[in-house]
Amino acid sequence: MKITLLGTGSPLPSATCAGPSTLVQADNQHILVDAGRSVVMRLLAAGCPPPFVSAVLLTHLHSDHISDLNDVITTRWIASPAATPLPIYGPIGTKKMVEGLLAMLSQDEGYRLAHHTDLRAAGGMKLEVHEIEAGHTFAIGGVSISVHSTDHRPVAPTIGFRIEHAGTVAALAGDTIPCEGLYGMCKDADFYVQTVIREDQVRALAPLVPTGARFLDIIDYHSTVQQAAQTATKCGVKTLVLTHFVPAIQPGGEAEWHAMAAEFFTGEIIIGPDLTFVEK
Ligand SMILES: [Zn+2]
Ligand SMILES: [Zn+2]
């Protein structure tokens, strides 16, 4: 199994970090978890053009995690030789969101259908949207996936994915604070991918920006670096992979983030730029 951090950014715009999205590859499947800003560029860089995406899994419907889903849908459609439906799995509300996206894309779809005979023959964009909840299980090829509840309130429902293949287990959490659902998902996982914030830096930056109060609000529904490390220890995971850096890591700043996590977790800690990957 190979896990690539396609985008390590957050809603905060960054010149170097794409929005949150992670690629999980196993059993010749290419599973995209979340689809943030510039995900298609990063898919290319990871050697996985959109037609190869087997399925999209969404942890929640916050804009930073879905902002370029439309690009994945359109590019996969027009670049695929055959009309292969794209399965999209997400929390309750995903159908409504995708219906809105398709409405936004309908004019473009019309232009392309009018222009390309073979696309027209295949009948347009094809999506299979599955709304899923904690306790559900499904498979993408030979990759088993179970759905777990997370806590990112007031955003609800939010979910995470425990992904297993050939004895390797990856837990992909999305935005959440530590909670029972998260602990169950991460139990003894080989890899635990967690979106994190630096509470100390958010508190330091808040007085300096005009939207400071809004900035402070984000502390209460994300795991801090330390909380992610504590979850990793509590759940006995082997490797902690941090992503969704709020704020973006300054050049050369990785060691400081690493040290904060290492205070609470003695296993392997992965922290790096977009396209950092782990493999087992
Ligand atoms: Zn987020
Ligand atoms: Zn979120």
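The values are calculated or read from the model by the stated rules, or taken from the named source; none is laboratory data. It should be emphasised that the depicted structure is a prediction, and the values quoted were computed from it without experimental measurement. Every residue, glycine as well, gets a Cβ built from its backbone with ideal geometry; the counts of neighbours run over all protein chains shown. All accessible areas refer to the heavy atoms of the entire protein, side chains included, with ligands and DNA or RNA removed. Shrake-Rupley method; radii C 1.70, N 1.55, O 1.52, S 1.80 Å.
Quick notes
- Criterion violated by Tyr111 - all others in (1) among the aromatic types (Phe, Trp, Tyr); (2) free of Cβ contacts under 8 Å to residues at least 24 places away in the same chain; (3) within 16 Å of ligand 2 (Cβ to nearest atom) satisfied: (3)
- Residues satisfying the stated conditions in the range 40-56, i.e. touching a Pro at 6+ places or on another chain (Cβ under 9 Å) and hydrophobic (A, V, I, L, M, F, W, C): Val40, Leu43, Leu44, Ala55, Val56
The rows are residues; the columns are (1) farther than 21 Å from Ser14 by Cα; (2) open to solvent by less than 70 Å² (accessible area, probe 1.4 Å).
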residue	(1), (2)
Arg203	no, no
Phe215	no, yes
Asp220	yes, no
Val225	no, yes
Gly236	yes, yes
Gly253	no, yes
Phe265	yes, yes
Ile271	no, yes
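- Look at the range 214-225: where a residue is under 16 Å from Phe245 (Cβ atoms) and a partner is charged (D, E, K, R) and assigned to a helix (DSSP H, G or I), sitting 6+ places away or on another chain with Cβ atoms under 6 Å, you get Ile219/Glu199; Thr224/Glu199.
- Just one of the listed residues (Thr243, Thr266, Thr231) is modelled with pLDDT of 95 or more and in a loop (DSSP other than H, G, I, E, B), and it is Thr266.
- So Ser10, is it small (Gly, Ala, Ser), open to solvent by 40 Å² or more (accessible area, probe 1.4 Å) and within 16 Å of ligand 1 (Cβ to nearest atom): no
- Residues in the range 52-87 that are away from ligand 2 (no atom under 16 Å from the Cβ), buried (at least 22 other Cβ atoms within 10 Å of the Cβ) and of a type in the set (Val, Ile, Thr): Val53, Val56, Ile73.
- Of all residues in the range 175-190 being open to solvent by less than 10 Å² (accessible area, probe 1.4 Å) and not charged (D, E, K, R), the one that is farthest from ligand 1 (Cβ to nearest atom): Ala189
- Those residues of the range 154-174 which are among the small types (Gly, Ala, Ser) and more than 14 Å from ligand 1 (Cβ to nearest atom), in sequence order: Ala156, Ala166, Gly167, Ala170, Ala171
- Where Ala261 falls short, out of the listed (1) more than 23 Å from Ile159 (Cα to Cα); (2) within 16 Å of ligand 2 (Cβ to nearest atom): (2)
- Residue in the range 88-119 that is farthest from Pro13 (Cα to Cα), counting only those that are open to solvent by 50 Å² or more (accessible area, probe 1.4 Å) and of a type in the set (A, V, I, L, M, F, W, C): Ala114
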